[in-house]
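Remarks on the structure that follows.
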Amino acid sequence: MCRAAKLRLAAVLAPWTKEKRKDLAAHPGNRTGRNPSSNVSSRNLAIISPYDIMDAVKEAVHYGALADFRYEIRRFLNFSEHAAQAAGIEPQQHQALLAIKAWPAGQGITIGALAERLQVRHHTAVELTDRLERRGWILRLRGQDDARKVILHLARRGERLLERLSVSHREELRTAGPRLLAVLGSVLAHDRRPRRKTRHKKPSGGIS
C-alpha cells in the first residue's frame, strides 16, 4: 500500500481506534474478543465498515496515482525547461520550434495554428514568432494560394538547435517514459475498476 493510501486509511480508522482503546481500557478481557457484554463493537460497526475501508483505500490510491502522474509530468517539463535555457532559448520558443517542425512537411504552419498548438492567444503567438525570426530560427513566407496568409518554416539555424534539444529529450524519455507509462496505467486502471453498487431498501408497508 502506498503512503498516501496508508494516510487516508489511518484517517478513516481514527474514530474506530479511539473507541477501541477506550473499550480495551475499560474491559481488558476484551483483548481476545471474548467479552460479549461490551457493546463497543456494535458502535464501531456503526462508525466504519469494510466497505468504508475499501473505498478509502481505493480513493487514496486513485489520488496518489493522479499525484504521481502530475509529478512525473512536472519532472519532465522541468528537465525540458532547463535544457532549453541551457541551449540559449526560452522554453516556449523551444515548444514553438517543435510545433513548426512537427507540422506536415512542406506545408508550413500559420500563426493561428501555432497559437492553438501552444494553447496561447493569437497576439502572444505573433510576439513569439517575432522573437524567433529576430534570432534567425524561423522564416516567414507568404502563402502560395493566399498572399495575405503568413506561413512559418524553420530556418536552418532553428533546425540545428531543435535537433540538439530533441536528442537530449529522447535520452531523458528513455528514463522518464517508463515511469510516466506506469503511473498513467495506475490512473486508468482505477477508472476501469467496477464501482460498488448501492443497495436500495425496498419500501415497507402496504399501498396507501
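The values are calculated or read from the model by the stated rules, or taken from the named source; none is laboratory data. Because the structure is predicted, anything quoted here is derived from the model rather than measured. Note that each Cβ is placed from the backbone with ideal geometry, even for glycine, and that neighbours are counted across all protein chains shown.
Yes/no per residue for (1) at pLDDT 95 or above; (2) within 26 Å of Leu181 (Cβ to Cβ); (3) of a type outside the set (Lys, Arg):
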{"residue": "Ala26", "(1), (2), (3)": "no, no, yes"}
{"residue": "Ser38", "(1), (2), (3)": "no, no, yes"}
{"residue": "Val61", "(1), (2), (3)": "no, yes, yes"}
{"residue": "Glu72", "(1), (2), (3)": "no, yes, yes"}
{"residue": "Leu98", "(1), (2), (3)": "yes, yes, yes"}
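Does at least one position in segment 127-142 carry a residue that is among the aliphatic types (A, V, I, L, M) and under 32 Å from the mean Cα position of the chain (by Cα)? The answer is yes, given that some residue of segment 127-142 is among the aliphatic types (A, V, I, L, M) and under 32 Å from the mean Cα position of the chain (by Cα). Screening the candidates Ile138, Ile207 for the property of being β-branched (Val, Ile, Thr) and at pLDDT below 85 yields one hit, Ile207.
Please specify each residue of segment 143-191 satisfying the condition of being acidic (Asp, Glu) and under 18 Å from Ala99 (Cα atoms). Scanning segment 143-191 gives Glu159, Glu163. Applying the set (1) modelled with pLDDT of 90 or more; (2) loosely packed, with under 11 Cβ neighbours inside 10 Å to Arg192 leaves exactly one unmet item: (1). The sole residue among Val187, Val183, Val150 that is touching a Ser or Thr at 6+ places or on another chain (Cβ under 9 Å), β-branched (Val, Ile, Thr) and surrounded by 12 or more Cβ atoms within 10 Å (Cβ to Cβ) is Val150.
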